[in-house]
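Below: one structure, written as structure tokens.
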Amino acid sequence: MQSLTVEKLRVPTHLEFADAHCHLNLFQDPQETVRKAREKGIGTIITAGGSAKDNFECIKIAEREHIFTVIGIGPDFATSDSGYVVEIEGLIRNSMKIVGIGEVGIDVKVADKNDIGLQKELFAKQAEIARRLDMPVVIHSRGALDEVARILAETHVEKALFHFFEGDETQALELAKKGYFISIPPALTGKRKRIIKEVSLSNLVAETDSPIVGETPADVIGVCETIAELKGVSLEEVAAKTTENIRRLFYI
């Protein structure tokens, strides 16, 4: 697996990029992190919740830093924070900065500590909220793509972004046919290279998952550079299209 960092690149200063998924609340200084990202051309930033604590922190950061957030209870917190799902709709209705439900989903790798049945139940409940509010869902899925897709179909969710996509190109193409977006992180694998080549740019976005994977939101530039190289298109086209995709998905 190869990591990509912005320091390796020579980026035209006129380009604007978008980070579809990061965790600003995990940075020591979110304000400084956003400022430095803006200096490098990162215009749109989506910070993601996943626990009750993360959700409240991300809302505060989004309100203060002129960015956007998604909130939800993810698989890692299914057992500890399941009771907070009932608060999500009210939080959304009280903030213009919340643009989606996430990150939520199913993760078989944490099933030992967070019951898989409870994960499915919470995901379905949050998918229902998203459908009711006509909002996109940001998906965290490991080893459960088929089940996630089934629940999305049953709840009639039409707008979804698959964060840090770990499926193969066949699965990615099937999801893209449904109008869903595949999010590419700053970590290259053979599967991700094939996905980038085969999935239309109209269904791709770039993310950093920083500071967990990428170092900062500015590392999204490296992701876009890789997409451009593998697709044989310009960095300008990738920057423009991935930004457009994010804005269209989240209505921002």
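What to note about this one:
- Residues that are within 23 Å of E128 (Cα to Cα), of a type in the set (S, T, Y) and not in a loop (DSSP other than H, G, I, E, B) within the stretch 154-185 comprise just one, S183.
- Being touching a Cys at 6+ places or on another chain (Cβ under 9 Å) and crowded, with 21+ Cβ neighbours inside 10 Å holds for only one residue in I98, I59, and it is I98.
For (1) under 24 Å from F68 (Cα atoms); (2) of a type outside the set (K, R), each residue gets a yes or a no:
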{"site": "D134", "(1), (2)": "yes, yes"}
{"site": "L145", "(1), (2)": "no, yes"}
{"site": "R150", "(1), (2)": "no, no"}
{"site": "K159", "(1), (2)": "yes, no"}
{"site": "E166", "(1), (2)": "no, yes"}
{"site": "E174", "(1), (2)": "no, yes"}
{"site": "K178", "(1), (2)": "no, no"}
{"site": "L204", "(1), (2)": "yes, yes"}
{"site": "T216", "(1), (2)": "yes, yes"}
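- Unique residue being in contact with a strand residue (DSSP E or B) (Cβ under 6 Å, 6 or more places away or on another chain) and of a type outside the set (D, E) when the list is I221, I151, I196: I221
- In the set (1) without any contact (Cβ under 8 Å) to a residue 40 or more places away in the chain; (2) surrounded by fewer than 23 Cβ atoms within 10 Å (Cβ to Cβ), the condition left unmet by T226 is number (1).
- Matching residues in the stretch 165-206 - criterion: being small (G, A, S) and out of contact with any Asp or Glu (no Cβ under 8 Å at 6 or more places or on another chain): G167, A176, A187, G190, S200, S202
- The residues in the stretch 138-178 that are among the hydrophobic types (A, V, I, L, M, F, W, C), touching a residue at least 40 places away in the same chain (Cβ under 8 Å) and under 17 Å from I98 (Cβ atoms) can be counted, and the count is 2.
- Members of the stretch 193-223 found to be of a type in the set (A, V, I, L, M, F, W, C) and surrounded by 15 or more Cβ atoms within 10 Å (Cβ to Cβ), listed by number: I195, I196, V199, L201, L204, V205, A206, V213, A218, V220, I221, V223
Conditions tested, residue by residue: (1) at pLDDT below 95; (2) polar (S, T, N, Q); (3) over 24 Å from A153 (Cβ atoms).
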{"site": "A62", "(1), (2), (3)": "no, no, yes"}
{"site": "H66", "(1), (2), (3)": "yes, no, yes"}
{"site": "I101", "(1), (2), (3)": "no, no, no"}
{"site": "V104", "(1), (2), (3)": "no, no, no"}
{"site": "R132", "(1), (2), (3)": "no, no, no"}
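- Hits in the stretch 127-144 (condition: buried (at least 18 other Cβ atoms within 10 Å of the Cβ) and either in a helix (DSSP H, G or I) or in contact with a Cys (Cβ under 9 Å, 6 or more places away or on another chain) (or both)): A127, I129, A130
- Members of the stretch 63-81 that are without any contact (Cβ under 8 Å) to a residue 60 or more places away in the chain, surrounded by 24 or more Cβ atoms within 10 Å (Cβ to Cβ) and either hydrophobic (A, V, I, L, M, F, W, C) or in contact with a Phe, Trp or Tyr (Cβ under 8 Å, 6 or more places away or on another chain) (or both): I67, I71, I73, A78
- Checking each residue in the stretch 103-123 for being crowded, with 17+ Cβ neighbours inside 10 Å, at negative phi and of a type in the set (G, A, S) picks out only A111.
- Those strands (runs of 3 or more DSSP E) lying entirely in the stretch 14-126 with at least 2 residues of a type in the set (G, A, S): 17-22, 42-50, 98-107
- Here A218 meets the list (1) on the phi < 0 side of the Ramachandran plot; (2) within 13 Å of the chain's Cα centre (by Cα); (3) touching a residue at least 24 places away in the same chain (Cβ under 8 Å) almost entirely, failing just condition (2).
The values are calculated or read from the model by the stated rules, or taken from the named source; none is laboratory data. Computed from a predicted model, the values in this text were never measured in an experiment. Cβ atoms come from the backbone with ideal geometry, glycine included; neighbour counts cover every protein chain shown.
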